[in-house]
Ligand code: KG4
Ligand code: ZN
């Protein structure tokens, strides 16, 4: 079964065609990230206008790749589209484009929850079979969730952030350290890589690390970084940005990895799946791999290019989880959570 998926939840416009939920045939991603870097944050109106500009060329590019493989539109079995969560102005562009194509081509359309999509980045091109129950750690710019995946589409919520998401904490700290104004997770992680052992080791809090629940809190961490920067400013020596970045990253990684491995142990899950933009973080990936290994857990991490927003995992999630819906029943829903069915 070949599904053409469209993703437009935030500042990426993407289309992809995936066969049987696991084989990527073609994929295109356009981004308006550079514009938001200039304004130091996303302006939803600007992101939506860029979605309008990119959506047709992106779909067209994916279809050209499909034709180059010897296929035509008649080989497509279904369409799929992200309906939420995300920015409403961005979402509606993809949703309405997908509906128009479904109508014109007389093909079914499958609505997909973007957060469930991130989980399915683990199923595409993965040679190691994933066995259930599996624990999912979803860490993105807007969400941090720990979920028990009992089978496709059957999730039990274990916990999540009570305030800032992990990615949001990375972004805000990168801004405090002057590393980047917008989506600075990558830059912060690169700065941390420059430091092998931080002079600030143990100085930042690991909130809720040792309680039994699977919830997280990252807003205090960001405030602690702010205080640390202020206290360093009085000493009149240049700010040790890489050292602070490393201690911040260690604090986030400590909490995320301990809770994820504890969840695997307590729920008898032998497989751990990582998803969301922050799963591109090398320190998180390598710590979790080590901990999983020593606890007899098989760790799955998507390739870096499938960690951030794209339409490949949307097509995969559509294949494994959802059925087509009447076009009149498919709407953008900006505030969906990972447990919401669409
Ligand atoms: O999943 P995503 O692409 O968008 C949302 O759906 O939120 O995640 C974006 C988030 C941003 O906060 C970004 O800074 C973070 O993922 N991120 C990283 C890394 N790459 C992306 N955070 C830490 N280390 C990275 N290497
Ligand atoms: Zn995302």
### Query
Just one of the numbered conditions (1) over 30 Å from residue 53 (Cβ atoms); (2) modelled with pLDDT under 95; (3) surrounded by 19 or more Cβ atoms within 10 Å (Cβ to Cβ) is not true of residue 148; which one?
(2)
### Task
Out of the residues in the range 267-289 that are more than 16 Å from ligand 1 (Cβ to nearest atom) and touching a strand residue (DSSP E or B) at 6+ places or on another chain (Cβ under 9 Å), state the one that is farthest from residue 123 (Cα to Cα).
267
### Query
Within the range 210-252, can you find the residues that are assigned to a loop (DSSP other than H, G, I, E, B) and surrounded by 14 or more Cβ atoms within 10 Å (Cβ to Cβ)?
214, 215, 217, 218, 239, 240
### Task
Please work out if residue 79 is closer than 26 Å to residue 23 by Cβ and surrounded by 21 or more Cβ atoms within 10 Å (Cβ to Cβ).
yes
### Summary
Per the filter on the range 320-342, residues touching a helix residue (DSSP H, G or I) at 6+ places or on another chain (Cβ under 8 Å) and assigned to a helix (DSSP H, G or I) are 320, 321, 327
### Query
Before we move on, is residue 237 more than 22 Å from residue 213 (Cα to Cα) and at pLDDT 95 or above?
no
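Given the structure, is residue 181 surrounded by fewer than 20 Cβ atoms within 10 Å (Cβ to Cβ) and within 15 Å of residue 42 (Cβ to Cβ)? Don't jump to the end; show me each part of the working.
Working: surrounded by fewer than 20 Cβ atoms within 10 Å (Cβ to Cβ): yes; within 15 Å of residue 42 (Cβ to Cβ): yes.
In short, yes.
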### Task
Enumerate the pairs (first residue in the range 297-325 and more than 17 Å from residue 18 (Cα to Cα) and within 16 Å of ligand 2 (Cβ to nearest atom); second residue anywhere and part of a strand (DSSP E or B) and at pLDDT below 95) with beta-carbon separation below 7 Å, excluding pairs fewer than 6 apart on the same chain, so at least 6 apart or on different chains.
none
## Note on the structure
If we ask which residues in the range 1-49 are assigned to a loop (DSSP other than H, G, I, E, B), more than 22 Å from residue 118 (Cβ to Cβ) and away from ligand 1 (no atom under 15 Å from the Cβ), their number turns out to be 1
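Here are 153, 89: which of them is within 16 Å of ligand 1 (Cβ to nearest atom) and touching a residue at least 24 places away in the same chain (Cβ under 8 Å)?
On the way: 153 fails: within 16 Å of ligand 1 (Cβ to nearest atom).
89 is the lone residue from the list that is within 16 Å of ligand 1 (Cβ to nearest atom) and touching a residue at least 24 places away in the same chain (Cβ under 8 Å).
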### Task
Pull up the range 221-254, narrow it to residues that are without any contact (Cβ under 8 Å) to a residue 40 or more places away in the chain and under 22 Å from residue 143 (Cα atoms), then point me to the one that is nearest to the chain's Cα centre (by Cα).
253
### Query
Regarding residue 288, is this residue touching a helix residue (DSSP H, G or I) at 6+ places or on another chain (Cβ under 7 Å), part of a helix (DSSP H, G or I), modelled with pLDDT of 95 or more and within 20 Å of residue 115 (Cα to Cα)?
no
## Note on the structure
Result of the Cβ filter at 7 Å on the range 96-117, keeping first residues that are modelled with pLDDT of 95 or more and partners that are within 16 Å of ligand 2 (Cβ to nearest atom) and in a helix (DSSP H, G or I), at least 6 apart or interchain, is 110/318; 112/314; 112/317; 112/318; 116/317; 117/313; 117/314; 117/317
### Query
Under 6 Å by Cβ, and 6 or more places apart or on different chains, what pairs join a residue from the range 74-86 that is within 16 Å of ligand 1 (Cβ to nearest atom) with one that is assigned to a strand (DSSP E or B)?
81/6; 82/7; 82/112; 83/111
### Query
Quick one: which strands (runs of 3 or more DSSP E) sit completely within the range 82-188 and have at least 3 residues that are within 16 Å of ligand 2 (Cβ to nearest atom) and under 15 Å from the mean Cα position of the chain (by Cα)?
134-139, 144-151
### Message
Give me the residue from the range 303-319 that is near ligand 1 (Cβ under 10 Å from one of its atoms) and part of a loop (DSSP other than H, G, I, E, B) and, out of that set, modelled with the lowest pLDDT.
### Response
308
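The values are calculated or read from the model by the stated rules, or taken from the named source; none is laboratory data. Just so it is clear, the model here is predicted, and its values are computed rather than measured. All Cβ positions, glycine included, derive from the backbone under ideal geometry; neighbour counts span all protein chains shown.
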